[in-house]
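See below for the structure under consideration.
The values are calculated or read from the model by the stated rules, or taken from the named source; none is laboratory data. Nothing here was measured: the structure is a model prediction, and the numbers come from that model. No Cβ is skipped: glycine too gets one built from the backbone with ideal geometry, and neighbour counts run over all protein chains shown. Please note that ligands, DNA and RNA were not included when accessible areas were found on the heavy atoms of the full protein model with its side chains. Shrake-Rupley method; radii C 1.70, N 1.55, O 1.52, S 1.80 Å.
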Amino acid sequence: MDNRHSMFALFNNFEEVREAIIELKVMDLREGGVEEMLMKSPIPHPELEEVIGARPVYVQRFTFVGALLGLLAGFLLTAALSQSMFSVQPQGGKPIIPIPMDLVIMYEGTILFGVLFTVVGFLIGARLLHRTSPLYSSKVSEDQVGLLLEVKASHYEKVKELLWKHKAQEIIEDEN
Amino acid sequence: MTIRRMIENWTAFRKSGQVGDEYYDHKDYRWGMVIDLNSCIGCNACVTACYAENNLAVVGRERFGRGLGMHWMRIERYWHTGEKGEVETRYPEQGAQYIPMMCQQCEHATCEPVCPVAATYHTPDGLNAQVYNRCIGSRYCSNNCPYKVRYFNFYSYYKNWPSPLEQQLNPDISVRDKGVMEKCTFCVQRLRRGKNEAKNEERLLRDGEVQTACQQSCPTQAISFGNLSDENSKVSKLWQKHNMSFGHKENEKQPKNERGYRALEELNTEPSVMYLERVRDEDI
Amino acid sequence: MEEEIRKDIKWAQINRDVLSSMEAPRKIYWVLIAVCLSLVAVGVYAEIHQYRTGMGEAQLNRPQMWGFYLANFIFWVGVSHAGTLLSAALFLTNTEWRRPVYRSAEAMTSVALLTAAIFPVIHLGRVWDFYWVLPYANERGLWPNFRSPLLWDMAAIFTYLTSSMMFLYYGMIPDLAISRDNARGWRRRLYSWMALGWVGSDRQWRNFRKGYLLLAAFLLPLAVSVHSIVASDFAMSIMPGWHVTSLPPYFVAGALYSGCAAIITLFIILRHTFRYEEYLTLPILDKLCKLTFAIAMIWVYLNLIEFASAWYGHNMYEKEVLIEKATGPYAPFWWTMIILGFGLPFALIIKKVRRNLLVLTAISMLINIIMWLERWMIVSPTLARNHEPYSWGYHWPGWVELSITLASFAWFTMLFLLFVKIFPSISMYEVKEMLYHRRQVSDRLVREPPDNIESEPA
C-alpha cells in the first residue's frame, strides 16, 4: 500500500487553480495517483466545483423531512395535546378542534422544524464536526485559493512539479 | 394513560349530546335571566348586593374615577333622546334609562377563545366560567368583551380593607389577588350549593329555589333568573312570550308589542340575558 | 456611479477593515454602554415596582387594558422584519447591493426580537406564572389554549427568534472562520468554537449555499406570517378598529417601513463609526432610501384603504373609532403620525436629502418615532371607544410605562453595541463574492464585447 502524502497548495486566483485542477484530473485519469482533491477558497465558486467533480448535496432532504415533521408536530401539539384532552374546555362557540386555528401553529411548526433540520443537514453534509486535515492556511480565508491533495507517494514529485508550474505560491506538506 | 383519558373525554362529550351547533344539550340546567327595564328604578340595590355576596373590592373614590371599579353588576344610565337627538328634558326623570349590565354569559362568548391559558370556558350549565387560579392576567378577554363586563384586579385591594369589614366576606367564594380577571358568575356559589342539595334529594332545582344576589335584593323584582331548560320556569315563559331564543337574530320579525331584546345581539354573541324594553308614554 | 467600492480593492484589505471594527473600543463606546445599562436599570426598577404593586401602576383601567406594553411589543417585532427582508428576500432576488448591509440588518432583527420577547411577559398581571403559556407536560394535564391569538404569537415569535438567530449564525460561519484565523486569546477560542471547523472547502461551500437558499426560502414566508399573527391579536377580536381584514398586511407594511428606517439609521452610524465608507457606500444608501419610500407608499395605501372602508360601510362602531382617532384626545398624536408618516417618505426621493447623511439620520429616527406612535394609536383609541358607551375611557402613560419603553430602546442599543464589537458587522466573504462577480462581468465584457461595440484591434 503506497504511502499517502497530503499537500496543500496555495494559488493566487481561480484561473490558475482551474488549470492545475484540469491537468491533475487528466493525469489522474491516465495514471492514477491523486486520491482526493479538495479546494479551499474564501468564496464559493460554482464553475470550479463542476471541474472538480460532482459531490451531491443532501441538505434538501433534511429540510423536507423537517418540514413534514413540523407540520405533524404542530397539529399534534394543538389538536392532540391541548384540544383533544379537553384540558381546554369548549369555548366561544368554536369546535373542539378548530382546524383554522391549528393551521397557524402547524405553519409555524413547519418553518421551525424545516429551519432546524436544514441547519443540521448542513452540519452533517459539510462534515463540519469532523476532524479536518491540519493542512490549512489562514490565507485561504483572506484571498488565496487552496488545493488540498492526497497523492500516492509514487506520484509525489510529479504532482509537485505540476503545481509549481501553475504558479502555486506555497506548498505545505504533511507526511502521514 | 393519556390515550385512555382522551378517549374517556371524547366519549363523555359525545354522550352529553351535541345539539346542532352547540356543545351540550343542556338537558338539566341552562341558566338565563330576564331584566324588566320598565320596573328598574336604578336604585343600585343589586349593585350593593353583588358587592356583598361576591367579595367585591371597594376601590375608593379616586381609583373608581380612574376607571378601576370592580362593580360586577353596574347600573348604566342613559338619557333618552328625542327624534333630533336632543336630550329629553321636559320630564327628565322619564328621560333617564337604567340598564343593569353584568356578564351576559354569552353562548358564543368572545372572551373565551382568546385566553392564552384557557382560564375561561363554557360550562354545561350555559355559564361562562372564570378560573381565578389559572388566570395570568393577559387581559385579552376584557379587550374582546363587547359589553366590557370583565373586571381586572389592578391592585391587591384586599390589603386595604379596614377592619372589621373583612368579617362580612362571603366564605363560599374566594377573594381575588392582583393580576386576576373576574366577572359576574350568576352567583355560581349559590347555584352549586343548590344543585348539590337537590342532587342529594335526587331531583332538579325548582324554579325560584336559588336566587342570585341581585335578583334577591331588587325592590321592584325587575330581575328574574331561572332555568331555561325548564319549560315551566318564569324565565322560560318570558323568553317564549317575547319570542326570544338562542340563535335568534335581531332582524327577525317579532311581534310589535313585545319588548324583549338582547344587548348588542347583532354581534352574534348569544347572550343569556334578555332585557324587556321600557315602556314610554309616547309609545302607547 | 461615484463612490462605489473600488474594483481593485485587495481582499486582504477587506478582511483588515472589517476585523478592525472588532478591536478594543474607544472610550465613547463604554460611555454608551454605561448609559444604556443605567436606562435598563431604571426600567427594571419600574418593572419590579409594578410587579409588587399591581398593573394599576401602568395607569391602565377598564376599558384600557392594554397600553404601552403591547404597543412596544408590536413595534419591536415590526422593527425586526426589515432585517429578514433585506437578507432573505433580497437574496432570493439575487440583489448584489444587499451584500455589505445584510449582516448588520440581520443582527438588528435578532436584537429587536430579543427586545420584543420581553413584553408579552411583563404585560401580564401575574408575571410569575408566565410559563403557563408554554406547552409543557404537567401533572394536572393542563395545556395552553391554542385557540388564542396570544398563543399563536408565542409560537410565531419563538419560531422567528430561533430561525433568525440560526440564519444569522449560519451566514456568519465563514466570517467567523476569518475572525478565528486572525484573533488571539478568548476571541480565538470563541470563534474557533463557533466556526465549527470551517475551512472553506468546496464540499462545505456546496452544502452551505444549498442550506442558505433553503433557509432564506423559509425565512421569507416566516417574516410575513409572524407579523400577520401579531396582527391577528387584534384582527381576531371583535373590537371596531381592530377587526379589520387589512390589519395583517397593514402591520407587515408598517413593520417593513419602520425596520428599513432603522436600517438606514444603523447604516449611517456604522459607516461613520467604523469608517466603512468603502463598503457601506452611498449608492447602497440611495437604494435603501428608495426601498423605504416604496414600502412607505404601501403603508400609506393601507392606511387610506382602512379609512375608506370605515367610511364606506355604515358600521357605526368603526366610524366612531375613526372619528375618535381624528378628533378625540388622541388626535394630536394621530395627526402627527398621519402627516409625518405620509410626508416624510417624500423627503427620501429628493436626491439632496439622500446625500446628506445628517438629515437622513434625523429623518430615519423620526420615522421610527412616528411608527411607534402608530402602534400606540392602534391599541388605545379602539379601546377608548367601543360598543358600550358606559365603558369609554382613556389611557395616558405613567412613569412606569415610560421608563420601561425607554429601557427597551436602551436594551436594544446595548445588545446591538455588543454585537458589533464581538462579531463582524459586514459580511466579508459576501463582499468578496460581490467584487469577484463584478470583475467577472467586466472581464467578460472586455473579452467578448457585445456586437454593437467597436473593439480595439488586438
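A few remarks follow.
- All of C:183, C:155, C:177 fail the test of being open to solvent by less than 30 Å² (accessible area, probe 1.4 Å) and under 30 Å from residue A:101 (Cβ atoms), apart from C:155.
- Some residue of the stretch C:129-136 being touching a Phe, Trp or Tyr at 6+ places or on another chain (Cβ under 9 Å), within 14 Å of another protein chain (Cβ to nearest Cβ) and either open to solvent by less than 30 Å² (accessible area, probe 1.4 Å) or not in a loop (DSSP other than H, G, I, E, B) (or both): no
- The residue that is least open to solvent (accessible area, probe 1.4 Å), among those in the stretch C:3-47 that are outside any helix (DSSP H, G or I), in contact (Cβ under 8 Å) with a residue 24 or more places away in the chain and not hydrophobic (A, V, I, L, M, F, W, C), is C:21.
- Restricting the stretch C:280-308 to residues that are touching a Lys or Arg at 6+ places or on another chain (Cβ under 8 Å) and part of a helix (DSSP H, G or I), the residue that is nearest to residue C:349 (Cα to Cα): C:289
- Residues located in the stretch B:182-201, provided they are assigned to a loop (DSSP other than H, G, I, E, B) and either over 13 Å from the mean Cα position of the chain (by Cα) or under 30 Å from residue C:52 (Cα atoms) (or both): B:183, B:184, B:185, B:201
- Failed item in (1) open to solvent by 40 Å² or more (accessible area, probe 1.4 Å); (2) over 30 Å from residue C:242 (Cβ atoms), with residue C:51 passing the rest: (2)
- Just so you know, in the stretch C:45-70 the residues that are more than 9 Å from chain B (Cβ to nearest Cβ) and aromatic (Phe, Trp, Tyr) include one that is farthest from the chain's Cα centre (by Cα), and it is C:51.
- Selection count, the stretch B:114-126, where residues are within 7 Å of another protein chain (Cβ to nearest Cβ) and at pLDDT 90 or above: 4
- All told, residue C:120 meets the bar of being touching a residue at least 12 places away in the same chain (Cβ under 8 Å) and either buried (at least 19 other Cβ atoms within 10 Å of the Cβ) or part of a loop (DSSP other than H, G, I, E, B) (or both).
- Total residues in the stretch C:266-279 satisfying the condition of being within 21 Å of residue C:350 (Cβ to Cβ) and either small (Gly, Ala, Ser) or open to solvent by less than 10 Å² (accessible area, probe 1.4 Å) (or both): the figure is 1.
- None of B:226, B:179 is part of a strand (DSSP E or B) and crowded, with 19+ Cβ neighbours inside 10 Å except B:226.
- Boolean, residue C:392 is in contact with a Lys or Arg (Cβ under 7 Å, 6 or more places away or on another chain), open to solvent by 30 Å² or more (accessible area, probe 1.4 Å) and within 14 Å of chain B (Cβ to nearest Cβ): yes
- Scope the stretch C:181-191; condition within 8 Å of chain A (Cβ to nearest Cβ) and touching a residue at least 12 places away in the same chain (Cβ under 8 Å); matching residues: C:182
- Candidates are the residues of the stretch B:128-167 that are part of a helix (DSSP H, G or I) and more than 7 Å from chain C (Cβ to nearest Cβ); the one that is modelled with the lowest pLDDT is B:160.
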